[in-house]
1. When region 1-60 is examined, which residues are found to be touching a helix residue (DSSP H, G or I) at 6+ places or on another chain (Cβ under 7 Å), of a type in the set (Val, Ile, Thr) and farther than 17 Å from Leu309 by Cα?
2. Restricting to region 157-181, what's the tally of residues that are within 16 Å of ligand 1 (Cβ to nearest atom) and in contact with a Cys (Cβ under 9 Å, 6 or more places away or on another chain)?
3. For region 181-202, indicate whether the set of residues that are under 19 Å from Met312 (Cβ atoms) and more than 15 Å from ligand 2 (Cβ to nearest atom) is non-empty.
4. Of all residues in region 15-53, how many are surrounded by fewer than 19 Cβ atoms within 10 Å (Cβ to Cβ) and in a helix (DSSP H, G or I)?
5. In this structure, is Asp255 touching a Pro at 6+ places or on another chain (Cβ under 6 Å) and not β-branched (Val, Ile, Thr)?
6. Look at region 166-180 and say how many of its residues are at negative phi and either open to solvent by less than 10 Å² (accessible area, probe 1.4 Å) or within 16 Å of ligand 2 (Cβ to nearest atom) (or both).
7. Scan region 206-242 for residues that are near ligand 1 (Cβ under 10 Å from one of its atoms) and open to solvent by 40 Å² or more (accessible area, probe 1.4 Å) and report the count.
8. Of all residues in region 63-107, which are among the hydroxyl-bearing types (Ser, Thr, Tyr) and surrounded by 12 or more Cβ atoms within 10 Å (Cβ to Cβ)?
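The values are calculated or read from the model by the stated rules, or taken from the named source; none is laboratory data. Keep in mind that what you see is a predicted model, and the values were worked out from it rather than measured. Backbone-built Cβ (ideal geometry, glycine too); neighbour counts: all protein chains shown. When the accessible area is computed, the model is the full protein with side chains, heavy atoms only, and any ligands, DNA or RNA have been set aside. Shrake-Rupley method; radii C 1.70, N 1.55, O 1.52, S 1.80 Å.
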Amino acid sequence: MITYDEAIHRVIDTVKVLPPVEETIENALGRVLAAPVRARWAMPPVDNSAMDGFALKGTGLTAGSELRVVGFVPAGRPFTQAISEGEAVRIMTGAPIPAGCDTVVPMEEAEVEDDRIHLSKTPGPGQHIRRRGEEFEEGEPLLSPGTPLYAGEIALLATAGISTVQVYPRPRVALLATGDELVELGAPPGPGQIINSNTYLLAARLREEGCHVLPLGIARDEQRDLGDKIAAGLRLDVLITTGGVSVGDRDLVQDALGQHGFSPIFWKVKIKPGKPVLFGTAGKTAVFGLPGNPASSASTFELFVRPALRRMAGFRDPLPPRLKVTLSTAIDGGEKRQRFLWGTLHEDQGSYHFNPSSRQSSGQNRSLQGAQALLPVPAESPAIAAGTTVEVLLLRLPPGQSLQETVPQQSEP
Ligand code: AMP
Ligand code: MG
């Protein structure tokens, strides 16, 4: 049986970055840039004031100098009148600096008396002016391929006149639950039946990852129904099935995939939970057969599927982000497979602590409740004492963000 490290490298080597598409910058949120972007114009387009105040020629002025205010220049309107020595123009933040002026005195450093001002401080020559092109010059490279586009990048693109960009598209993912015991949420389950919760978990995670999701419902444990639904899923970039990949009599997913051009790359990985995970391709579609147990399908999604999706979407480092943390409670050793334990993180005096969930059963969704990270515990590891520094795989929040639950205070009526 292969290890997780081997298996994840096979996944990353197999899946390919999707061909780029053109998107409006609004729709490019969370996508990765596929082509370099250059500024269409200089920013700022002209020298302009960084303060509300007075534009003037600064040479020779000191605290106490008196000037006559000869005009007013708001943002967005050029000032055409010539300025002479001893004169000033009232100027607003962002307004172009009038010809002949080289300094801005902030409102707070001038006393106004009728049409005159007295400077309360000696102005530094050239102060409070934002220079043409100081943010970027026309044609300057702004963002390089591989950059993920978040709010700051999107604002920068807008400033530079870029309305559409080449990005790697959102992966299109089909989700198929399998199992005769499953029913959809709605009517109460009959005897022995349970709700198909895996599709809810995976659809939610896929949406969080910015994917297009196509839920294909539940396939019965029989070849024809499985085959029809698998065929529909193979039209997308990724097909995820859950259940039916173990060694039970009704575990028919691999056979059914085989009828539709599937080539397996691995089946079974030395991990707990999630051992029966299946991965391969059918044409251009990457196929993941996740185990049916809720917490197993959840952890194999994080360990195998999410990295594949991030690779397809052009992220440079598709693997889960890691964080060094202090273990809050001891962990047993002696397990033959590499374990991945669910847990929560909390911050204490600038460092993070990982608290393994008391429920780790692969059969329960409750094991996932509130989980923010997975702790990999090596195969054959001895017990690990509380207080040990360990490295976790982050699921929810990037480092630096508050990980503590905050309850909003009820305001007094
Ligand atoms: P299987 O891998 O098909 O043998 O399923 C393993 C366990 O996971 C069984 O107890 C199933 O009832 C349960 N299971 C399978 N699929 C789902 C699903 N979509 N939602 C919730 N539980 C499931
Ligand atoms: Mg089943």
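1. Answer for region 1-60, where residues must be touching a helix residue (DSSP H, G or I) at 6+ places or on another chain (Cβ under 7 Å), of a type in the set (Val, Ile, Thr) and farther than 17 Å from Leu309 by Cα: Ile25, Val37.
2. Residues meeting the conditions: 1.
3. Within region 181-202, one or more residues are under 19 Å from Met312 (Cβ atoms) and more than 15 Å from ligand 2 (Cβ to nearest atom).
4. Going through region 15-53 one residue at a time, the tally reaches 2.
5. No.
6. 9
7. Within region 206-242, residues that are near ligand 1 (Cβ under 10 Å from one of its atoms) and open to solvent by 40 Å² or more (accessible area, probe 1.4 Å) number 0.
8. Scanning region 63-107 gives Ser65, Thr93, Thr103.
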